[in-house]
Amino acid sequence: MRVEYPTGPRCEVYRPGDLDWSEARVMGGCTGVQVETAEGAVHALDLRASGEGRLWQWVRRAVEAGASVEGVF
């Protein structure tokens, strides 16, 4: 994930349980996410239709389940 610091952005890796999901923010220009499960099923969520809270619920559950998550721009 991209983390913004006063010195500039950095890429960092965290375990899902280590994140404060209530403080997460969507990067500018992101319109949603696409999730691919370990079984190959693909699901998409539109940020404008669902809202940021729902988007982060999806991301959190996907990461905890071992799925891959890509932002849609």
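The values are calculated or read from the model by the stated rules, or taken from the named source; none is laboratory data. A quick note: this is a predicted structure, and the numbers were derived from the prediction, not measured. Please note: Cβ atoms are built from the backbone with ideal geometry, for glycine as well, and neighbour counts cover all protein chains shown.
A few comments on the model shown:
- Positions within region 22-44 being surrounded by 10 or more Cβ atoms within 10 Å (Cβ to Cβ) and touching a helix residue (DSSP H, G or I) at 6+ places or on another chain (Cβ under 9 Å), in sequence order: Ala24, Val26, Cys30, Thr31, Gly32, Val33, Val35, Glu36, Thr37, His43
- Scope region 2-39; condition assigned to a loop (DSSP other than H, G, I, E, B), among the polar types (S, T, N, Q) and touching a residue at least 24 places away in the same chain (Cβ under 8 Å); matching residues: Thr31, Thr37
- Checked against the criterion of being in contact with a Phe, Trp or Tyr (Cβ under 7 Å, 6 or more places away or on another chain) and polar (S, T, N, Q), the candidates Thr37, Thr31 yield just one match: Thr31.
- The residue list Leu55, Leu47, Leu19 contains one member that is surrounded by 13 or more Cβ atoms within 10 Å (Cβ to Cβ) and within 15 Å of Ala67 (Cα to Cα), which is Leu55.
- Evaluation of Ser68 against the conditions (1) more than 13 Å from the chain's Cα centre (by Cα); (2) loosely packed, with under 14 Cβ neighbours inside 10 Å; (3) of a type in the set (Ser, Thr, Tyr) shows that the sole unmet condition is (1).
- Among (1) assigned to a loop (DSSP other than H, G, I, E, B); (2) among the charged types (D, E, K, R); (3) more than 14 Å from Met1 (Cα to Cα), the one test that Arg48 misses: (1)
- Taken over region 1-36, the criterion of being at pLDDT 90 or above and more than 16 Å from Trp58 (Cβ to Cβ) is satisfied by Pro6, Thr7.
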